[in-house]
Amino acid sequence: MGIVYSNTNEWSKARSYYEKALEIYQKQLSPDYSHPGILYNNIGLLCDNMEEYSNALAFYLQTWKIKEQTLPSNHPGLATLYNNIATVYNNMKEYAKALSFFESALVIKQKTLPPNHPSLQDVIQSIEYCNKNL
């Protein structure tokens, strides 16, 4: 339900459902279980959309901790997560940190996407933006 409400921009309802789901995960599953990474990421996206950048970053970093242990280092899901983290840092005007994560995303995307993929150009433009603002 959290995703449904997020997709309709009903942030408070989405947050309520995500928090309920997170509470269930925390009570029922071991801390090593990887599925909450998806939930943490979704809450991060929600916080990002609500311009709660510190909260978004905290949830993205929790996601990263899980995904880093469960995915290969060149997995496209990590590239997406790095891009999300970089975007939050960019919104917080922490351009050096944003640049580092955008560059990590680019390395993975260059290995996993065709050279003309629009996502590559998006990351390159984000890197250029960060470099201009350093």
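Derivation of every value follows stated rules applied to the coordinates shown; laboratory data play no part. Since the model is a prediction, treat every value here as computed from it, not as a measurement. Here Cβ is always computed from backbone atoms with ideal geometry, including for glycine, and neighbour counts include all displayed protein chains.
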**Message:** Nothing charged except the Cβ atoms of Lys and Arg (+1) and of Asp and Glu (-1): what's the magnitude of the dipole of segment 1-70 about its Cα centre? Round to the nearest 20 debye.
**Reply:** 180
**Prompt:** Dipole magnitude of the chain about its Cα centre, charges +1 at Lys/Arg Cβ and -1 at Asp/Glu Cβ only, in debye to the nearest 20?
**Reply:** 140
**Message:** Sorting check: for 60-68, 106-114, which peptide has the highest mean count of neighbouring beta carbons within 10 Å, and how do the rest follow?
**Reply:** 60-68, 106-114
**Complete:** Projecting the Cα atoms of PRO72, ILE3, LEU57 onto the charge dipole of the chain, where Lys and Arg contribute +1 and Asp and Glu -1 at Cβ, the residue farthest towards the positive end is PRO72
**Item:** Estimated [θ] at 222 nm from DSSP helical runs (n ≥ 4, -39500 (n - 2.57)) normalised by residues in the chain, nearest 500
**Value:** -26000 deg cm²/dmol
**Fill in**
Relative to the chain, whose Cα atoms define the longest principal axis, helix 11-28 and its Cα axis are tilted in degrees, nearest 10, by 70
**Request:** Just list whichever of LYS65/LYS97; LYS97/LYS132; LYS65/LYS132; LYS20/LYS65; LYS20/LYS67 have alpha carbons separated by over 25 Å in the model shown.
**Result:** LYS65/LYS132
**Asked** How high is the relative contact order of segment 71-134, in percent, with contacts defined as C-alpha pairs under 8 Å that are six or more residues apart?
**Response** 35
